[in-house]
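The values are calculated or read from the model by the stated rules, or taken from the named source; none is laboratory data. Remember, it's a predicted structure, so these values are computed and weren't measured experimentally. Counting neighbours? That spans all protein chains shown, and the Cβs are built from the backbone with ideal geometry, glycine included.
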Amino acid sequence: MDNKGIQKGSSQKILVVEDNQDNRELVVKVLKINGYQVIEAVDGEEALEKTKTEKPDLILMDLFIPKIDGYEVTRRLKRDRDLRSIPVIALTAHAMKGDMEVALAAGCDGYIPKPIDVRELPKQIEYFLKHNP
C-alpha cells in the first residue's frame, strides 16, 4: 500500500525555496513537525543546484527570489528530463486574480498563497504528493 506523504516520520524530502528568513523558518518548522526531511534554498541558483543533487520529492517555490526568479527556475526544471517529474508548488504572496494562472503556465504543478495556514499546509503537501506524477 502506498502511504506516500501520509504518515508522520515520512522520509520524503521537500525543498523549500524562500528568500525571506521568517517565512522559510515557519514553513520548515511546519514540515519538520509533520515528519518531512527539509532542504532549504534562498535563491534560484541554489534551488537548481539542490534540486539536482538532492532530488526532492516536492518543491515549494517562492516565485520572487534573487538571482533567478521562481518562474524561470520552474521552467528550467520542467525542461530537464531527470527533474521534470518533481512537483513544483508555487508558494507566493502574489495572490491576485491571474497570478495562479501565470504560475501554472510557467510549469508549477500547484499554488499555495501566502500567508500560509500552518494547519492546512501539511494537508496541501499531502495532496500534492499524492496527486502529482
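Regarding Lys55, is this residue within 14 Å of Leu15 (Cα to Cα), basic (Lys, Arg) and out of contact with any His (no Cβ under 9 Å at 6 or more places or on another chain)?
Criteria met by Lys55.
I want to confirm something. Restricting to the stretch 105-128 and keeping residues that are closer than 20 Å to Asp57 by Cβ and of a type in the set (A, V, I, L, M, F, W, C), which single residue is surrounded by the fewest Cβ atoms within 10 Å (Cβ to Cβ)?
If we take residues in the stretch 105-128 being closer than 20 Å to Asp57 by Cβ and of a type in the set (A, V, I, L, M, F, W, C), then Ile116 is surrounded by the fewest Cβ atoms within 10 Å (Cβ to Cβ).
Mind listing just one residue for me: the one in the stretch 32-49 that is hydrophobic (A, V, I, L, M, F, W, C) and more than 12 Å from the chain's Cα centre (by Cα) and, of those, surrounded by the fewest Cβ atoms within 10 Å (Cβ to Cβ)?
Ile33
Looking at the stretch 74-89, which of the residues that are within 16 Å of Leu48 (Cβ to Cβ) and among the hydrophobic types (A, V, I, L, M, F, W, C) is surrounded by the most Cβ atoms within 10 Å (Cβ to Cβ)?
Val88
Quick check, is Leu60 modelled with pLDDT of 95 or more, touching a Leu at 6+ places or on another chain (Cβ under 6 Å) and surrounded by fewer than 20 Cβ atoms within 10 Å (Cβ to Cβ)?
Criteria not met by Leu60.
Among the residues of the stretch 108-133, count how many are over 23 Å from Glu25 (Cβ atoms) and more than 12 Å from the chain's Cα centre (by Cα).
Number of matching residues: 5.
Select from the stretch 116-133 the residues that are assigned to a loop (DSSP other than H, G, I, E, B) and among the β-branched types (Val, Ile, Thr) and list them in ascending order.
Ile116, Val118
Could you please let me know if Glu72 is over 21 Å from Lys13 (Cβ atoms), touching a Gly at 6+ places or on another chain (Cβ under 9 Å) and of a type outside the set (Phe, Trp, Tyr)?
Spelling it out, Glu72 is indeed over 21 Å from Lys13 (Cβ atoms), touching a Gly at 6+ places or on another chain (Cβ under 9 Å) and of a type outside the set (Phe, Trp, Tyr).
Hey, among Leu63, Leu77, Leu121, Leu91, which residue is farther than 18 Å from Asp19 by Cβ and of a type in the set (A, V, I, L, M, F, W, C)?
Among Leu63, Leu77, Leu121, Leu91, only Leu121 is farther than 18 Å from Asp19 by Cβ and of a type in the set (A, V, I, L, M, F, W, C).
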